[in-house]
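See below for the structure under consideration.
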Amino acid sequence: MLRSLILVRGLHLSSVNLSSSKAQLLKLRKKTGYPFESCKKALQLNDNNLEKSEVWLKEEAQRLGWAKANKLANRATAQGVIAFAIDNQKEVATMVEVNCETDFVARNKCFHSVVEVVTSSCLDFAKQQKALENSFSKVNLKSGDLMELSGAEGKSLADHVAVTIGNLGENVTLRRATCLNTRDTGLNIMGLTHPSNTTGSQFFSGKYGSLLIYRKQQDSEKINQRSMESSHDEILRQMCQHVIGMNPKSVGVLNIHEPIKSEKVVPAKTFNENDDSSMDSIDEKNSDSTIEEDGMLEQAFLLDPSITVGQVATDYGIDVLDFVRYECGET
């Protein structure tokens with residue numbers, strides 16, 4: 001009788017321990033996102049201690065990630081995304097290009113997570129820069145500069161990329177970034193990506209991207225009545241569309257009286273903010289265009305070829321000071 005009670009008690013305790021271990025496994029898996037086998041091994045090596053198991057998993061992922069990163073380092077990364085972020089005051093912004101091997105991975109949630117980490121780190125870096133007197137700060141970062149920046153959890157972006165490579169099994173590279181700061185200058189920043197996809201609460205990504213540095217004119221007498229038809233933000237986004245679609249080489253010179261030959265420009269209907277194929281149409285037509293102007297303000301406005309961008313800027317009281325344009329994979 002006593003032996004039976006001990007046996008029953010032993011079975012009960014084993015069942016409780018098994019249930020507890022399973023609960024710990026599920027909790028660790030949900031918190032870290034690592035495979036069940038890895039979580040199970042971590043718990044076994046750390047006496048079911050969740051905190052120690054999580055630390056072990058991160059260290060193991062870092063070790064395996066670097067090994068995988070070194071192995072895949074020579075693989076070409078022609079795909080990826082352009083991402084940007086702007087602070088709430090529209091005074092600090094960054095745009096980054098993160099590349100991978102395939103378009104499939106470029107749409108992967110794990111890949112977009114590291115893109116957010118990179119974008120956030122670059123935005124923090126931009127906030128640390130000081131705007132020049134009567135101007136703004138513009139810093140371009142190359143791959144090596146980016147890898148040294150600090151990311152989440154105090155780890156370098158190089159470490160974050162290594163873990164991502166380990167998880168995806170595909171090479172990932174940080175190609176470039178531009179960091180802008182216009183604080184205390186009276187200037188602001190607007191941005192846009194194409195296609196327009198939101199990857200997080202304040203991050204946007206696509207295959208193309210543009211940032212526009214501008215100043216709003218305060219003299220209401222200089223602003224045309226047309227400015228009442230649309231909000232400034234809407235017009236600024238359209239200007240960002242123009243930068244993406246028409247690819248100007250400089251801001252140019254304001255000349256609102258220059259005549260426009262509308263038959264030599266791309267119709268506005270070819271640009272759809274959320275349609276990838278529309279950009280292919282723009283690129284093809286731009287290659288055959290006879291427009292000679294490289295300056296943005298001198299170009300026919302993408303959404304209304306009967307007027308120049310300079311005329312739009314004048315009508316809406318906008319002074320364009322600079323812009324940034326990224327195209328994923330461009331040489």
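The values are calculated or read from the model by the stated rules, or taken from the named source; none is laboratory data. Everything numeric here is computed off the predicted structure, so don't read it as measured data. Positions of Cβ are generated from backbone atoms using ideal geometry, with glycine treated the same way; all protein chains shown enter the neighbour counts. Just the protein is used for accessible areas: all its heavy atoms, side chains included, with ligands, DNA and RNA removed. Shrake-Rupley method; radii C 1.70, N 1.55, O 1.52, S 1.80 Å.
Residues that are surrounded by fewer than 20 Cβ atoms within 10 Å (Cβ to Cβ) and aliphatic (A, V, I, L, M) were ranked within the stretch 118-134; the one that is modelled with the highest pLDDT is ALA131. Residues in the stretch 66-100 that are basic (Lys, Arg) and touching a residue at least 60 places away in the same chain (Cβ under 8 Å) were compared, and the one that is least open to solvent (accessible area, probe 1.4 Å) is LYS90.
For the stretch 78-121, residues that are in a helix (DSSP H, G or I), within 21 Å of LEU192 (Cβ to Cβ) and among the hydroxyl-bearing types (Ser, Thr, Tyr) total 2. Residues that are surrounded by fewer than 17 Cβ atoms within 10 Å (Cβ to Cβ), of a type in the set (Val, Ile, Thr) and at pLDDT 70 or above occur at least once in the stretch 41-57. Among residues that are among the small types (Gly, Ala, Ser), open to solvent by 40 Å² or more (accessible area, probe 1.4 Å) and at pLDDT below 90, GLY144 is not included. When residues of the stretch 125-158 are filtered for being over 17 Å from ILE86 (Cβ atoms) and assigned to a loop (DSSP other than H, G, I, E, B), how many remain? Counting residues in the stretch 125-158 that are over 17 Å from ILE86 (Cβ atoms) and assigned to a loop (DSSP other than H, G, I, E, B) gives 8. From the list SER205, SER231, SER201, SER227, the one residue that fits, being under 15 Å from PHE111 (Cα atoms) and either at pLDDT below 90 or among the aromatic types (Phe, Trp, Tyr) (or both), is SER205.
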